[in-house]
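Q: Sharing a structure here in structure tokens format.
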Amino acid sequence: MITDLLKLARPHQHSKNLFIFIPAFFAFQLTEPGLVFNALVAFIAFSLLASAVYVFNDWIDRFEDTQHPQKRHRPIASGRIKAPAAFSFLALLLLGGAPRPTHYH
């Protein structure tokens, strides 16, 4: 099941989220630890939220995907991931990617 959850999250798609680091790169601030840390946190959060969208989209498209020659092998369309696991995983991804306050007043 872990392999199917990873396939569902599509981590290979997260490379495009590296664009979050571009402003720091062009500002010559990649050696600034606080800025890099914040960009890394943003990258992780954005990747988790993107994965949540993939899970939700796969759930919405599950019936159509069963008719597609390639997509029918996806974890939800194939039936390897059932609704309780899909929605639990979706909730974890949303919680993991939710913004958190950095300080309190």
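Q: How large is the charge dipole for the chain, taken about the Cα centre, if only the Cβ atoms of Lys, Arg (+1) and Asp, Glu (-1) carry charge, to the nearest 20 debye?
A: The calculation lands at about 280 debye.
Q: Right, another one. Divide by every residue of the chain the summed helix terms, -39500 (n - 2.57) for each DSSP H run of at least 4, and state the resulting mean residue ellipticity at 222 nm, rounded to the nearest 500 deg cm²/dmol.
A: After summing the helix terms and dividing by residue count, I get -17500 deg cm²/dmol.
Q: Output ³J(HN,Hα) for the stretch 39-46: one whole-Hz value per residue in order, computed from phi by the Karplus curve 6.51 cos²θ - 1.76 cosθ + 1.60 with θ = phi - 60°, and x for Gly and Pro.
A: In residue order, the calculated couplings are 5, 5, 4, 5, 4, 5, 4, 5 Hz.
Q: Still on this structure, please answer the following. Of Phe28, Ser51, Gly97, which is farthest towards the positive pole of the chain's charge dipole, taken about the Cα centre with +1 and -1 on the beta-carbons of Lys, Arg and Asp, Glu respectively?
A: The Cα lying farthest towards the positive end belongs to Ser51.
Q: Identify which of the listed values of Kirkwood radius over Cα pairs in Å was calculated from the structure shown: [x] 15.3; [y] 16.6; [z] 14.6.
A: [x]
Q: Let me ask something else about it. In whole Hz and in residue order, list the ³J(HN,Hα) couplings for the stretch 12-26 that follow from phi through the Karplus curve 6.51 cos²θ - 1.76 cosθ + 1.60, θ = phi - 60°; x for Gly and Pro.
A: Each residue's phi maps through the Karplus curve to give 5, 7, 6, 4, 5, 6, 5, 4, 4, 7, 4, x, 5, 4, 6 Hz.
Q: Given the options Ala50, Ala83, Ala39, which has the most mean-square fluctuation in a GNM of the chain, springs set between C-alpha atoms less than 10 angstrom apart?
A: Ala83
Values quoted throughout were computed directly from the atomic coordinates according to the rules given, and no laboratory measurement underlies them. Every value quoted in this text rests on a predicted model; they were computed, and no experiment measured them. Quick reminder, even Gly has a Cβ in these numbers, built from the backbone with ideal geometry, and neighbours come from all protein chains shown.
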